[in-house]
1. About its Cα centre, how strong a charge dipole does the chain have in debye, to the nearest 20, once Lys and Arg get +1 and Asp and Glu get -1 at the Cβ?
2. How many nm is it between the label spots at His9 and Lys53, if each spot is 7 Å from the Cα in line with the beta carbon?
3. Keeping every protein chain in place, order Glu46, Glu8 by accessible area at 1.4 Å, biggest value first, i.e. largest first.
4. How far apart, in nanometres, would the label points at Ala60 and Asp20 be if each is projected 7 angstrom from Cα along the Cα-to-Cβ direction?
5. Report Rg(Cα)/(2.2 N^0.38 Å) for the chain, keeping two decimals.
6. So for the chain, averaging the separation of alpha carbon pairs under 8 Å that are six or more residues apart and normalising by length, what relative contact order in percent results?
Amino acid sequence: LVTDAGIEHLTSCAELKHLDLMHTLVSDDCISNLMGLQNLNYVNLEGSRVTKKGAESLPALRPGLEVIHHFLE
């Protein structure tokens, strides 16, 4: 299973552009490591533990980053 700690190891993948974290154990704690992926332009967080606030912070931190994450209202 992918966790916050596992995302830290991906920061060495400089060319990573798309990341599918659907139904993983990642949480808001992975956001700083996601921002370390300089070429990342798409991330799917559906079914993860990332909160609405955390998901909404990503495009603010990286304009143009497409974030997929749906929340039940």
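1. Dipole about the Cα centre, nearest 20: 100 debye.
2. The two pseudo-label positions are separated by 3.0 nm.
3. Of Glu46, Glu8, the descending order of accessible area is Glu8, Glu46.
4. In this crude spin-label approximation the distance works out to 3.0 nm.
5. Computed over Cα atoms of the chain, the ratio equals 0.98.
6. In percent, rounded to a whole number, it is 31.
The values are calculated or read from the model by the stated rules, or taken from the named source; none is laboratory data. Remember, predicted model here, so these are calculated numbers, not experimental data. Reconstructed Cβ throughout: ideal geometry from the backbone, glycine too, with neighbour counts over all protein chains shown. To get the accessible areas, we keep the full protein, side chains included, count just its heavy atoms, and leave off ligands, DNA and RNA. Shrake-Rupley method; radii C 1.70, N 1.55, O 1.52, S 1.80 Å.
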